[in-house]
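Let me begin by presenting the structure, written as structure tokens, before commenting on it.
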Amino acid sequence: MTKSINWNKSVRRVVLTAILSVLALAQTSAMRAQDAKANGERWTRTPRSAFVGVVKETCKSVVSIQGEKQYEVSRRGSDTQYDVFNGMGTGVVIDERGYILTNYHVVKGLLRLEIITADGERYRDVELIRNDVATDLAILKINPKAPLQKIRMGRSNRVELAEDVFAIGNPYGYHCSITRGIVSSLGRPLEVNDQLFYESVIQTDAAVNPGNSGGPLINIDGEMIGLNAAVREDAENIAFAIPIDVVSEVVERMLRQTVAKMTHHGLKFRVVDYEDPDYPEEGNGYDCLIVDSVDAKSPAAAAGVESGDVLLSSNGFEMHNSLDFTCSLIDMGLSDVAELEFSRKGAAKEATIAFSGLAKDSNRNVAVANVSRTSKRYADAETADAVAEEAAELDEDTAASAVPAAHRSVKGRKSGALETVWDVFGVEVRTVDAQEYNEKYSQLQAVAIGDFNFAPSGGVVITRVSPDGIFGAADVSLQKDDLIFGFGVGSSKEGQLSVASLDNLYYIAQRVDEFAEKDSGKARVYLIRNGRPYFLEINLAL
């Protein structure tokens, strides 16, 4: 009883102190106003913290995610009882056209999904573009009535221990709630559960609650430095965010695999800090996107882009990181071009990159090339006769069904097959069987190129290339160590042939004349180069 009375006295004392403090502040403010008026001065309020404007602006890029999840609550025999709970989370706008980033666990299993933007608009037509289970990230798409304001990205290497940060989100459905804290630790490994492990996260003491997941962790400049992802439930003020560099890399890859069409450009970038004295004007207070290298014979090289160029804009979008560039390529078609503005040693430049192909796979970065070749068909008549003789030894029905179907081998002499492939295509190859393929290219079990889907189970790897052959022509340039897994003739699905062995390529080589009569002799070679799928277009009619 005594303890209760003492506690109540303590409460009264605290409340009384708070009231007196408020009255004192009010009296001080009134006195300041009177003094200013007496001296003929204009009284002004105490300036608000600069954080107020920063947070207010960032909130425009934060959305609320709501939905319903179904949970199993009991089971009796074959009957299972379910209950439905309201789910909530947060997302950040990464592109003004309605692309939104969040945690995958926020949207996983939702029966109904609704996104509420900063202006209060509700969108129920939500598309899941892609998710990455390993990093617990997902990209959603809505069709906004007006362009959204995308979040400003920071960089992980600028995050410092004990710096001020803000977590913005929708805890328990309270839209755009702000909490403040500091960076408590960097590079912290975190095991969320048996399926999810982060190698390096940002730990913060900003208050994070259910519903904050998928929201931004920002610094005092309004830059997103992490994506709030988890909280320690049995502790207070221990929360974790995925570093922005990891987020940007994964999101850029996911977009490139889907809506950015993975159009090959041949550019590799590096980001230069906005404080770098070598790039004072181009950065304009932001990081600079520098062309680190340009692949030879790529669309970018053909457009005149060079290493060291500072990319300023692409298709009208400002460029500050690789994600910006990939976003600028969203929804570009096969015949579209990218309009670039860049700076070269202080001089303004422009370039137009013409993309000629697209490809995608389910797990990795993909690039494409689409070129033509001019090369002689056969060295002489004797070579053509030799090809005809080899063809006569094959059973027509067996050969015709072998390549497009289940990679059945065509029965033929290996020496004759190697010679024919060399004579026709100008390459020496060896077969890569399923075991070797899976060891080297386990991430490329399913490859989609345009409207065509492949499931490579092997192929042929090039061991030597003749510059006089079809595949070695200067403007086609298949290379040593390229792995060929397909050959496309015409625009029909039936004309897309799998190449799983030397015998498959041998079969194709013997029918070059037949293929040359279709679709003006246009054909495609599908290959993997440095772990990436490509296709090269050749003209068999020349």
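The values are calculated or read from the model by the stated rules, or taken from the named source; none is laboratory data. This structure is a prediction, so every number in the text was calculated from the model and none was measured. For neighbour counting, all protein chains shown are included, and Cβ atoms are generated from backbone atoms with ideal geometry for every residue, glycine included. Heavy atoms of the whole protein, side chains included, go into the accessibility calculation; ligands, DNA and RNA do not. Shrake-Rupley method; radii C 1.70, N 1.55, O 1.52, S 1.80 Å.
Mind checking the full-extension length gain between K480 and E96? Use 0.36 nm per residue of separation minus the Cα-Cα distance, one decimal, nm.
134.0 nm
Could you compute Rg(Cα) / (2.2 N^0.38 Å) for the range 464-516, with N its residue count? Kindly include the intermediate steps, with their values, before the conclusion.
Working: Rg = 11.8 Å, N = 53, 2.2 N^0.38 = 9.9 Å.
That ratio works out to 1.18.
Which FRET efficiency value, to the nearest 0.05, do you get for E114 and R464 by plugging their Cβ-Cβ distance into 1/(1 + (r/R0)^6) with R0 = 60 Å?
0.50
May I ask for the Kirkwood hydrodynamic radius of the range 102-189, worked out over all distinct Cα pairs and given in angstroms to one decimal? It would help to have the intermediate numbers written out before the result.
Values: mean 1/r = 0.0638 Å⁻¹.
This gives a value of 15.7 Å.
Given K108/K150; K145/K493; K268/K440; K480/K518, which pairs have Cα atoms separated by over 27 Å?
K145/K493; K480/K518
Between the range 423-447 and the range 319-352, what is the separation of their alpha carbon centroids in Å?
Taking the Cα centre of each part, the range 423-447 and the range 319-352 sit 34 Å apart.
Over its Cα atoms, what ratio of radius of gyration to 2.2 N^0.38 Å does the range 205-245 give?
1.12
Over the Cα atoms of the range 430-508, what radius of gyration and what Dmax do you get, in Å?
12.9, 34
Based on the inverse mean of 1/r over its pairs of different Cα atoms, what is the Kirkwood hydrodynamic radius of the range 209-272, in Å?
14.0
Sort 188-201, 498-511 for me by packing, meaning the mean count of neighbouring Cβ atoms within 10 Å per residue, highest on top.
498-511, 188-201
May I ask for the percentage of alpha-carbon pairs in the range 479-542 that lie more than 18 Å from each other?
Details: 664 of 2016 pairs.
Pairs farther apart than 18 Å: 33 percent.
Find the accessible area per residue for the range 171-283; the probe is 1.4 Å, ligands and nucleic acids are left out, and the unit is Å².
47
Taking just the alpha-carbon atoms of the range 194-314, what radius of gyration and Dmax come out, in angstrom?
Radius of gyration, then largest Cα-Cα span, for the range 194-314: 18.6, 58 Å.
With a 1.4 Å probe and every protein chain kept in, tell me what percent of the accessible surface of the range 208-258 is carbon plus sulfur.
43
Summarise the accessible area of the range 416-481 (1.4 Å probe, protein heavy atoms) by the percent that is carbon and sulfur.
Within the range 416-481, the accessible surface is 45 percent carbon and sulfur.
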